[in-house]
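See below for the structure under consideration.
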Amino acid sequence: MWEAVALTLAGAAGNNIGKVLQKKGTLKNFSFLVSGPNPQRPTEQKTEPVIRRYALNRLWISGFLLDMCGAVLMLTALSQAPVSVVQPVAGCGLAILCVFSHFYLKEVMNGLDWIAITLAGVGTIGVGVGGEEQKVEEIPLVSIPWLVRSATDNWDLLLQRRL
């Protein structure tokens, strides 16, 4: 049970932090879409295809991979524990995201925010751990690499069509 809780925490953190990295990579690389063309530099037109820009953006790719690793960890946790344990603990990912946002995105948090984040983290873990342990059939780990391979093949096909 504790292994499933740990996998859920790591998976939820990966999902949430991965999405933040993807957003930051998008804002960094596609700021011209928000601000419009620069009149001082008319030759600075972004003509590169959007899919190619995502594929070459290291921050976006690292966020995508972290998000996918988080999903695999969540699937593994779900194969070891019931949904009634995994889903409440996954809510702790938002508390982890708040801490990550404070240090990485430099978001300001006051004392009440920190108390709320702590209570949310402890509460969600407590709800998950308090769930009943049930006998579940294990999903063969052999199927996970096929899932990852399928996702990367689809990603490759999408890139080949767009480039």
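The values are calculated or read from the model by the stated rules, or taken from the named source; none is laboratory data. Predicted model only: the values in this text are computed from it and were never measured. All Cβ positions, even for glycine, are placed from backbone atoms using ideal geometry, and neighbour counts span all protein chains on display. These accessible areas exclude ligands, DNA and RNA; they are computed on the full protein's heavy atoms, side chains included. Shrake-Rupley method; radii C 1.70, N 1.55, O 1.52, S 1.80 Å.
Give the range 106-140 a look and list any residue that's modelled with pLDDT of 75 or more, part of a loop (DSSP other than H, G, I, E, B) and open to solvent by 60 Å² or more (accessible area, probe 1.4 Å), or say none.
Across the range 106-140, the qualifying residues are LYS106, GLU107, VAL108, ASN110.
Given the conditions (1) assigned to a helix (DSSP H, G or I); (2) modelled with pLDDT under 85; (3) surrounded by 11 or more Cβ atoms within 10 Å (Cβ to Cβ), which single one is not true for ARG149?
Every listed condition holds for ARG149 apart from (3).
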